[in-house]
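Read the structure below first, then the notes.
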Amino acid sequence: MKNVKTLALAVAAAATMTATTAQAEQYYGFANVSVNYLDWSDGTEQRSRDEGGFGTIGAKSDFFYLEVEAGAGYDWGDVYGFIDFENPTKGNMDGYDDGSKAFRIAAKGSVAVNIGDTNWNYYGHLYSISDSSDFYEQNIVLGVSYDYNTDFGLWVKPFIGAHYLNGQKKAGFNGGMAGWVLGYNFKLGGQDMMITNWNEIEFARHDAHRGFCNSDTCTGPGDEGWIKTNGEDHGLNGAVALWWNATKDFTLGVQYRYANNKLGTPAYQNAAIFSAKYNF
């Protein structure tokens, strides 16, 4: 099962980060575990069924997931990572034909290394997902990022880089990716609140990532038998969230999840995510 490979990658990345940062001066750090429920909109479920793509084997469906997340900043740069266990009760040795309801493991690790005394960084991230229906995909982005911090609670980290994809029956450079992560800390009614947003824009995708041929006469997009999965040569993926730090140990949040020409559906998709975190 490819889930084992994903988990091994996450563990290896965590071990590498730990070894690298052991002797560095730490500026900040956080870690948490959370329980989350993702609720796709009715329109998204319908579009994922009707617009082709992977909906031909099952429309998107709502799911629970467990997440472990951590990050830290050091004198040389910063690191971040998470691992998600989606549909955790669906794991079984027989697999699951419907990928939307399969047990999945998703993991991401990122690192930004300072370029001299500037706010620029060498940037890289690895995202990997696999499931019990034997689907897997890994995405590597290598490029640069920039740190922008304010004294009123806002921070922004934009990035841009080359995108390499390794997945079922395909591997190679897949255009580029640009995006950002940002956060804003503020008080509301005396309570500690935070807004966060992560956003990824893929561009100049290879045709093979836009879909696949399902007939012997099909050679590419536009041919009879071409099944669109991600649709266009560009795509959007992200989420914006509102967090309430109820105590130093406990955080509640609601997220608006969005994607377009991504996640196996050549159309716009949106969902609400409800989260409860325990902070270490």
Exercise. Mind checking which pairs have a first residue in region 144-160 that is of a type in the set (S, T, N, Q) and a second that is modelled with pLDDT of 95 or more, Cβ under 6 Å, 6 or more apart or different chains?
Worked result: S145/A112; S145/N121; S145/Y123; S145/K157; S145/F159; N149/W155
Exercise. Quick one: is T247 part of a strand (DSSP E or B) and under 30 Å from A70 (Cα atoms)?
Worked result: no
Exercise. Can you name the number of the only condition in (1) over 16 Å from W198 (Cβ atoms); (2) of a type in the set (D, E, K, R); (3) modelled with pLDDT of 95 or more that D147 fails?
Worked result: (1)
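Can you tell which of S41, S110, S61 is modelled with pLDDT under 95 and polar (S, T, N, Q)? Spell out how you get there, then give the answer.
Numbers: S41 fails: modelled with pLDDT under 95; S110 fails: modelled with pLDDT under 95.
The conditions single out S61.
Among the residues of region 180-189, is any more than 25 Å from T247 (Cβ to Cβ) and either in contact (Cβ under 8 Å) with a residue 24 or more places away in the chain or part of a loop (DSSP other than H, G, I, E, B) (or both)?
Yes.
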Exercise. Taking the stated definitions as given, is S275 surrounded by fewer than 17 Cβ atoms within 10 Å (Cβ to Cβ) and among the small types (G, A, S)?
Worked result: no
For this session: Out of the residues in region 222-251 that are over 15 Å from G264 (Cα atoms) and touching a Lys or Arg at 6+ places or on another chain (Cβ under 6 Å), state the one that is surrounded by the fewest Cβ atoms within 10 Å (Cβ to Cβ).
Result: A239
Problem set entry | Filter result (buried (at least 18 other Cβ atoms within 10 Å of the Cβ) and within 16 Å of S132 (Cα to Cα)) within region 61-82 | F63, Y65
Exercise. Any idea which of (1) touching a residue at least 24 places away in the same chain (Cβ under 8 Å); (2) in contact with a strand residue (DSSP E or B) (Cβ under 6 Å, 6 or more places away or on another chain); (3) farther than 18 Å from A106 by Cβ is the one L165 doesn't satisfy?
Worked result: (3)
For this session: Being at pLDDT 95 or above and under 13 Å from D233 (Cα atoms) is the filter here, so list the residues in region 165-203 that pass it.
Result: G175, G176, M177, I201, E202, F203
Exercise. When the residues of region 119-176 are filtered to those that are of a type in the set (G, A, S) and over 24 Å from R205 (Cα atoms), which remaining residue is surrounded by the fewest Cβ atoms within 10 Å (Cβ to Cβ)?
Worked result: G153
Exercise. Can you pull out the residues in region 252-270 that are crowded, with 17+ Cβ neighbours inside 10 Å, at pLDDT 95 or above and either in contact with a Pro (Cβ under 6 Å, 6 or more places away or on another chain) or hydrophobic (A, V, I, L, M, F, W, C) (or both)?
Worked result: A259
Exercise. Before we move on, is E67 modelled with pLDDT under 95, part of a strand (DSSP E or B), under 20 Å from the mean Cα position of the chain (by Cα) and of a type outside the set (S, T, N, Q)?
Worked result: no
Exercise. Out of the residues in region 177-198 that are over 30 Å from Y136 (Cα atoms) and of a type in the set (S, T, N, Q), which is surrounded by the fewest Cβ atoms within 10 Å (Cβ to Cβ)?
Worked result: Q191
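The values are calculated or read from the model by the stated rules, or taken from the named source; none is laboratory data. Since the model is a prediction, treat every value here as computed from it, not as a measurement. All Cβ positions, glycine included, derive from the backbone under ideal geometry; neighbour counts span all protein chains shown.
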